[in-house]
Structures are given as structure tokens and as C-alpha cells.
Amino acid sequence: MGGNNSIRIEGLSKSYDFTETLGSSEKNGEKVPVYVLRDIDLHIEEGEFHIFLGWSGCGKSTLLNIIAGFVEKTSGMVAVDQEEVTKPGFERGVVFQNADSAIFPWITVWKNVEYGLKIRKVPQKDRDQIVKRCITMVGLEGHEKKYPHELSGGMKQRVQIARSMANNPKILLMDEPFGALDAHTRRLMQNELIKIWQGSRKTILFVTHDIQEAVYLGQKISILSRAPNARIMETLDVPFPYHRDIAAPKTAALVQHIQGFFDIEYVI
């Protein structure tokens, strides 16, 4: 059995009803279920840095949103610490790709990070200590009084991460959070995230379609097939210590091995 942060997914499927023209006049216009995800089984251990990797549009974000409680599953089970997920909760912090739509433009960095704590009526003295610690953790000291429009893309993502960490979630869910950043900022943020994870040992689920990013960050990588009926083709261990040299022979070999899954899917 896993610890308090363990996630168990069994027989998880998600479908939507789409009106399709099926070619038969008798069935023309019939609503048929189209499965985005089909029969996902996975166990993620407490404190694990787990990557969901796959084609754009393969259902990775849908899977993350089901775990977050934002999207309702069609069938199967998702449980955190043996408790089934039915709605969002503070124990699951979410960091989105687009920081501009996730943080509040009319309040400062400090007040953005503090927001969830105020909602939960955490005492002011405790709030101040938590916000200061989280802002330091993501390297935003000296920027507390700035507004989002004064920040770079990477700094906005740090605000998102700090706000999530301030609520002390068991699990951090990250949906391609560095996808919109330039290559240099992206690597800085990847290193920052590794440092945060090593310091907190929270369970992190991270969605990406970038194979090198997956190998650079993750302890385990679950590779999803194309949608519809996306499944987990394989879950791989990444045995290399941090920080990783993505060009090192063994690391590059793993990248090539994973690329093979995508090449096969492309041919199919």
C-alpha cells in the first residue's frame, strides 16, 4: 500500500457523446460515445515525481483534470489515500500552462500567494509566515509588491507554484506549466521545480508532450497512446540521479527508446 499521498487509478474511462454521421441512414445522427481515455490503471506512490507523456490531444490533461476533480469520469475509480475523488480539494494543488488566466492581475504577488489562505481563514500571523516561505522557495524575494503585468512569464509561473504550495497540498498537479516559456527560462523553471520537489517530497503529476522534459524531470513516465481510446502504453522508471545531463549516452538512449513508442503510434 502507498502512503497518504498515493493515488490509485483503476479501470478509468472518460467518454463524451458526439453526434456522428455513421454512413447508415438508419443510424445517421445517432449520438455515440467517443472515449478519450479507456481503461486506465495506474498506482502512483507517495512523493513520486510522475510524468504523463503523450501526443498533444491524447487525453493527458483530461486525466489530470479528473484527478484534480475538475472533470467527472465516466467509469472506473480514482482515489487519493483510499478516498475516491469526486470534486476539487485543497489537498490537490493545480498549476496550469497559462499563468495569465490562473493568477489575479489586480492584486500583487504577495496577495496572489496569500489568496487561498485567506479563503480558508488562516490567521494573519500564520499567513505571513507561509507566504514569505513560499515566495522564498520559488525565488521571488523582492518582487512581493509587484503586479502580474510587471512580471516575466517564468515569474508568473513561480507565482502559480508558490500559491499552490502555500495551501500545502498533498499532491501538485501540473499541466504543461512550462510549455509557453522560452528554452532558457524553461530549463531554469525545470531546475527550480526539481529543487522544490526535493525540498518538499510532495507527489507531483506533470503533463508534457516533450520527451526530453519528461526524462529530465520524472522518476516515472507513463506514456499515453493517441486518442480516442487512449491508454497507458507503458510506465517506465527513470534511474538517473538529478540534475540530469540530457545529452549523456544513457539518458539520450532512454529518450530514443521513448521516441520509439511515438514512431510506432505514428505508423499505426
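The values are calculated or read from the model by the stated rules, or taken from the named source; none is laboratory data. Model, not experiment: these values are computed from the prediction. Positions of Cβ are generated from backbone atoms using ideal geometry, with glycine treated the same way; all protein chains shown enter the neighbour counts. Please note that ligands, DNA and RNA were not included when accessible areas were found on the heavy atoms of the full protein model with its side chains. Shrake-Rupley method; radii C 1.70, N 1.55, O 1.52, S 1.80 Å.
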Given the -39500 (n - 2.57) contribution per DSSP H run of 4+ residues, what per-residue ellipticity at 222 nm results for the chain, rounded to the nearest 500 deg cm²/dmol? -11000 deg cm²/dmol
Once the Cα atoms of helix 153-166 and of the chain are each reduced to a long axis, what angle between those two axes, in degrees from 0 to 90 to the nearest 10, is obtained? 80 degrees
Leaving out ligands and nucleic acids, note down the accessible area per residue over region 30-189 with a 1.4 angstrom probe, in whole Å². 48 Å²
With charges set only on the Cβ (+1 for Lys and Arg, -1 for Asp and Glu), what does the dipole of the chain come to about its Cα centre, in debye to the nearest 20? 1060 debye
How do the peptides 187-196, 219-228, 202-211 rank, highest first, by the average count of neighbouring beta carbon atoms within 10 Å per residue? 202-211, 219-228, 187-196
Take the residue pairs Lys14/Lys118; Lys87/Lys146; Lys132/Lys156; Lys111/Lys170; Lys87/Lys156; Lys146/Lys170 and return only those whose Cα atoms are more than 24 Å apart. Lys14/Lys118; Lys87/Lys146; Lys87/Lys156; Lys146/Lys170
Accessible area per residue, 1.4 Å probe, Å², for region 195-254: what's the number? 45 Å²
Set Lys and Arg Cβ to +1 and Asp and Glu Cβ to -1, take the dipole of the chain about its Cα centre, and tell me which of Gln160, Pro148, Ala253 lies farthest positive. Pro148
May I ask for the angle, rounded to the nearest 10°, between helix 124-137 and the longest principal axis of the chain, with both axes built from Cα atoms and the value confined to 0 to 90°? 70 degrees
Carbon and sulfur: what percent of the chain's accessible surface (1.4 Å probe)? 50 percent
Kindly rank 178-184, 158-164 from highest to lowest mean number of other beta carbons found within 10 Å of each residue. 158-164, 178-184
Computed over the chain, the relative contact order (Cα-Cα under 8 Å, seq sep at least six) in percent reads 25 percent
Under 8 Å for C-alpha pairs, at least 6 residues apart: give me the relative contact order for region 169-268, rounded to a whole percent. 23 percent
Put Lys146, Lys121 in order of accessible area, largest first, 1.4 Å probe: what do you get? Lys121, Lys146
